[in-house]
1. For T325, list long-range residues whose amide hydrogen, built 1.01 Å from N in the peptide plane, is under 5 Å from its own amide hydrogen.
2. What list of ³J(HN,Hα) values in whole Hz, one per residue of the range 96-101 in order, does the Karplus curve 6.51 cos²θ - 1.76 cosθ + 1.60 (θ = phi - 60°) give from phi, with Gly and Pro shown as x?
3. Would you compute, for the Cα atoms of the range 216-298, the largest minus smallest coordinate along each principal axis and list the three values in descending order, in whole Å?
4. At a 10 angstrom cut-off on C-beta neighbours, averaged per residue, how do the peptides 34-46, 12-24 rank from highest to lowest?
5. Would you mind getting the Kirkwood hydrodynamic radius of the range 1-104 from its Cα pairs, rounded to one decimal in Å?
6. Taking R0 as 51 Å, what's the FRET efficiency between F320 and V19 from their Cβ-Cβ distance, rounded to 0.05?
7. If packing is taken as the average count of other Cβ atoms within 10 Å, what order do 94-107, 283-296 fall into, highest mean first?
8. Rg(Cα) of the range 263-351 divided by 2.2 N^0.38 Å?
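Please treat every number below as a calculation from the coordinates, not as lab data. Nothing here was measured: the structure is a model prediction, and the numbers come from that model. Note: ideal-geometry Cβ built from the backbone for every residue, glycine included; neighbour counts use all protein chains shown.
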Amino acid sequence: MPLTSVLFKRNTKLQACAVEHPAHVTIGAVGEHVAKIQFALFSIDRLKIDRTELVAQRYGKSTAAAVLAYKKKRLIINRSYQQSVDNIVGKMTIASLDQEMLIRERVPNGGSDCRPGATGPALQSGALSIVGGGSRSRGSPGTGPSATSALATKQLTGVARIVVLFASNAATDGFPLGKEIERARDSLAEHGLQLLVERSLGTAGEVKFVERVLVNPDAEGDNVSELRKRCEDLMPGRPDILRVIVCKLGFFDFGHTIRDRSVGGQVFKNFVLINTEQVDVSHATLIHEMVHCSKPRRGDPHDPEETSVFFFPGRVQQGFPERTTLRPEHALTIASSFFSLGGPKPPPPKP
């Protein structure tokens, strides 16, 4: 029978594993199909696999041990030729993993703080290049509707910390990451805040993930949890920093804030997805999603002013007001957020 879970069904090697004995997955195998098996083992039974094997997507000793534990628990034995459980993923094992993942995928998830954005054409690859931040290529800070009140927040202190990770599917050649960072840095600086970016552009910061990322609150097709788990494998821990994952999201969404994602009982703090295929001409996607991530819950309304970085939606064409203004109340929540250091303490939660 063909595999039907979102995790497995698009992978040709795993589909072959489900119907052909020579396609069994064994020690020494390397690739995306191994990573998907590893993800399923953790999601279903919280089975631990050595981090080096996870990052390399390699079927090593600890992956084999996890497969063996999974099969022993379910007594997956092909009685036609064996009497005991082995550590190979064959027809019966992949079918079992597939059905258990399908059940989990049918549970709705939290979705994203933002609806899909404008649906115009994406910028041509290479139209904009990655540049360093630091220069102030912004509109006048005195032109926004909250400019007067912004001056009153100069006494804010703190450092907002982010780390940028790239999915291997990201079209980075034409993506203006530097301009996104520059917009965020300048917006925060107007309120006395600093932005610290741990940016990895080499292989050390690349997350192996070949599929287009789909955010779906109804779970059908959603693969965000798989991507987030791979980011954790690459850079574990660090609950005090905001992860920004640059990836392909298709030609509809500029970015997403994802919160309360759980994999194998491990709950991840708010994190950001940035789309390399849909570029906002104001380059305000990063700071927009940082505002979302700083809020204690989903549902904060977007700002009505088109010049606000928290206005919805972004634009892919010129001719609209540029989003340059960060409201003081948003600067305050960022300064008080889990990913900021040295800022004011967040207010107590409302009863």
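1. S308, V309
2. Ordered by residue, 3J(HN,Hα) equals 5, 4, 4, 5, 5, 5 Hz.
3. 38, 29, 26
4. 34-46, 12-24
5. 13.4 Å
6. E(calc), rounded to 0.05, equals 0.45.
7. Packing order, densest peptide first, comes out as 283-296, 94-107.
8. 1.21
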